[in-house]
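Taking it in order: structure first as structure tokens, then the write-up.
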Amino acid sequence: GENVEQHPSTLSVQEGDSAVIKCTYSDSASNYFPWYKQELGKGPQLIIDIRSNVGEKKDQRIAVTLNKTAKHFSLHITETQPEDSAVYFCAASAEGGADGLTFGKGTHLIIQP
Amino acid sequence: DAGITQSPRHKVTETGTPVTLRCHQTENHRYMYWYRQDPGHGLRLIHYSYGVKDTDKGEVSDGYSVSRSKTEDFLLTLESATSSQTSVYFCAIGEGGGMAEQFFGPGTRLTVL
């Protein structure tokens, strides 16, 4: 089955700096890669996703890149703000996620004032 | 939380007792999922449903059963709870097929003593 590795487990950046979280996947059939943000005591919230036919996608301060050859994808957050502090999860799925997502173990992003 | 409710939100129970968690959606999505979240493991798929009375196993299905008698409700049952099933349980919904997004509920924190 699919295996998703996520790094780093904790990331501390100064407010206003950029943050990058990286994930690798094992199943070459995976074609859907969402990113979720989870705040304390809440459910994961989808923030951006990318399909395998696209190399990069951007939404305001967040962007995701995908390298299918190397089987890795990354989340980039620019101009970080205190409200960006949370746990971020990457995930992967073949069949578009219909049979469920395989998640990385999460990155705790800390924005230092 | 995209029209998803989970009940109860918190539960403490004894080892060996049966427990049923409920997920209710108002979005009329075809697919529903149960995940568990544990420190160091991220989120892992327990079971999912792709229609009324249509369910399938996920990565960590042992000790759990599910039922879906209506589009809007997906039940997760622990027939005889064990301490290893202490976790936070999340329900998710999605349209499925063709790389569709999954949206998560607020979660149920279950403690098995």
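The numbers here are math on the coordinates, done by the rules we state, and not lab data. Quantities reported herein were computed from a predicted structural model and do not represent experimental measurements. Reconstructed Cβ throughout: ideal geometry from the backbone, glycine too, with neighbour counts over all protein chains shown.
Of the residues A:35, A:65, A:89, the one whose Cα sits farthest towards the positive end of the charge dipole of region A:1-112 is A:65 (charges of +1 on Lys and Arg Cβ, -1 on Asp and Glu Cβ, taken about the Cα centre).
Simple spin-label estimate for residue B:70 and residue A:51 gives 3.4 nm between the two label positions (7 Å along the Cα-to-Cβ direction from each Cα).
Length gained on full extension, residue A:95 to residue A:15, computed as 0.36 nm times the residue gap minus the Cα-Cα distance: 25.0 nm. Its Cα gyration tensor gives chain A an equivalent ellipsoid; the semi-axes, largest first and in whole Å, are 23, 14, 12. For the residue pairs A:105/B:57; A:37/B:53; A:57/A:105; A:57/B:70, the C-alpha atoms sit more than 25 angstrom apart in A:37/B:53; A:57/B:70.
Label sites at residue B:61 and residue B:7, each approximated as a point 7 angstrom past Cα along Cα to Cβ, lie 2.8 nm apart. Please state the shape class of region A:66-113: rounded when a/c is under 1.5, otherwise prolate if a/b exceeds b/c and oblate if not, all from the C-alpha gyration tensor. Taking the square roots of the gyration eigenvalues as a ≥ b ≥ c, region A:66-113 is prolate. Placing +1 on the Cβ of every Lys and Arg and -1 on the Cβ of every Asp and Glu, with nothing else charged, gives region A:4-50 a dipole about its Cα centre of roughly 80 debye. Under the combined filter of DSSP loop state and at most 11 neighbouring Cβ atoms within 10 Å, region B:45-113 retains these trypsin sites (Lys or Arg not before Pro): B:53.
Projecting label points 7 angstrom from Cα along Cα→Cβ for residue A:27 and residue A:60 puts them 3.2 nm apart. Placing unit charges on the Cβ atoms only, positive for Lys and Arg and negative for Asp and Glu, gives region A:23-107 a dipole magnitude near 140 debye about its Cα centre.
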